[in-house]
Amino acid sequence: MTDDIGSIVEDQFTKLLEQHVDRAAIQSAELKAMSTTLWDAVEGAGLPLALLPEAEGGIGLDPVAVFKLISTSAYYALPLPLGETIVAGALIGRNIKGPLSLALCENGAASRVPYGADAAHLLCSNEDGWSLIDASDVEASRGGNLSGEARDDLRFSPDNMEKLDRPHWLGPEGLKAAGALIRAAQMRGAMRRAVDMSLAHSREREQFGRPISKFQAVQHMLADASVQLVAACALVDNAAEAWGNDDFEFRASLAKSRAGRASGKVAEVAHQVHAAMGFTQDHDLNFYTRRLWSWRDEFGSEAYWQEKIGRDICAEGGAALWPRLISVTAGAVA
């Protein structure tokens, strides 16, 4: 039943995206305030509540299905903080109206917060623990990443913070790990779009009287990109399955690291297949590759999470390495 509901929600979400998100909507959103009309359409469909339990007024979907929704949003380059809102709401554990975002805070400030100036509330992690911040009194400075998505610098008063208990299954870096999985899921969606666009272009573009998809070199590049995508998909699902469990942070580390590595190769192949036209603002490919280049560095780069993976494994001792590899690999294959 849960799988059926997830499929229904994803199908309805896809139809909503096809109706509301086009080239003009993506371009007009760059370095601008979030579209309230688009947000109302997404919120009206109940999508921000996908991961929140039914007892709290949410949909209560399986986490794997929820992170697939986040991937679908990236497949269409949805210019909203939907992933942040879904995850923040689930971590807070109650239905909070309006867009939410995740902020890694220090001394009453946070930098490059996704849609921070547009959020109604912020879920903040700092040295004192977790807090919920009413964003109505936050001082914001608009910024953006390479793809033009809002990344804002914020300042706020400690008096405007509601202390929250950190979920028992997350450590001090738990909020950053949750954000990392959001970005890994988004990279999965953007990579899938870039691969689909490259496959279609290779069948349409002709050189020497035949489609370039017939050339062995192009076939090898597209196969390599597809392998990278599949590997990233497996680890994103693997991490989503661990939502609510003690090994979530470790699996999220693996997912973000692998998705970041894959996104670099997929973007490279996509631009090679599309040649010069893929680098222009007039071609839609730039919407997805610019997001891939941006997202791979947000909530920790590959190097950051790889170092954390190494530290965690070393701390467990050599005897724990093989069981750890088997448990993660078994989950990814399944």
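The values are calculated or read from the model by the stated rules, or taken from the named source; none is laboratory data. Just so you know, these numbers come straight off a predicted model, no measurement behind them. Heads up, the Cβs are rebuilt from the backbone with ideal geometry, glycines too, and the neighbour counts pull from every protein chain shown. We work out accessible area using only protein heavy atoms, side chains counted, and drop any ligands, DNA or RNA first. Shrake-Rupley method; radii C 1.70, N 1.55, O 1.52, S 1.80 Å.
The table for this structure:
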read-out	value
Whole-number Å³ per residue for the convex hull built on Cα positions in segment 5-72	94 Å³
25 °C / 0.890 mPa s Stokes-Einstein diffusion coefficient of segment 89-222, Kirkwood radius on C-alpha pairs, µm²/s	140 µm²/s
Amide hydrogen neighbours beyond the local backbone of L164, cut-off 5 Å, H modeled	W130, S131, L132
Under Karplus coefficients 6.51, -1.76 and 1.60, residue-wise ³J(HN,Hα) of segment 35-41 in Hz, glycine/proline x	6, 5, 5, 5, 4, 4, 5
Segment 1-123 - convex hull of the alpha-carbon atoms, volume per residue in Å³	99 Å³
Cross-link reach list, lysines versus K97, counting only Cα pairs under 19 Å and skipping chain neighbours closer than eight places	K163
Accessible area of the chain belonging to carbon and sulfur atoms, whole % at 1.4 Å probe	51 percent
Relative contact order of segment 182-248, defined on C-alpha pairs under 8 angstrom at six or more residues apart (%)	32 percent
Total charge dipole magnitude, segment 1-96, about the Cα centre, Cβ charges on Lys, Arg, Asp, Glu only, Debye to nearest 20	300 debye
Calculated log₁₀ intensity ratio I(q)/I(0) where the Debye formula runs over C-alpha points of segment 189-334, q = 0.09, 0.16, 0.19 Å⁻¹	-0.35, -0.86, -1.07
GNM flexibility winner over the chain from Q207, Q228, Q272 (Cα, springs under 10 Å)	Q207
Surrounding net charge for P211, when Lys and Arg each add one and Asp and Glu each subtract one, Cβ distance under 14 Å	+2
Full-extension gain in nm, F215 to R142, via 0.36 nm per residue minus C-alpha separation	21.7 nm
Cut-off 14 Å, label 7 Å out along Cα→Cβ of V227, residues of segment 252-270 by amide N	262, 265-266
Per-pair calculated FRET efficiency, R0 = 30 Å: R261 and D128 via Cβ, rounded to 0.05	0.30
Taking all pairs of distinct alpha-carbon atoms in segment 80-147, Kirkwood radius in angstrom	12.1 Å
Proximal lysines to K68, defined as alpha-carbon separation beneath 21 angstrom and excluding residues fewer than eight positions away on the same chain	K15, K176, K256
Lys/Arg +1, Asp/Glu -1 at C-beta; the chain dipole; positive extreme among W305, L321, Y288	Y288
Average accessible surface area per residue within the chain, 1.4 Å rolling probe, Å²	44 Å²
For the chain, projected area of the alpha-carbon convex hull averaged over all directions, nm²	17.8 nm²
Kirkwood-Stokes translational diffusion coefficient of segment 282-324, alpha-carbon pairs, 20 °C, 1.002 mPa s, µm²/s	168 µm²/s
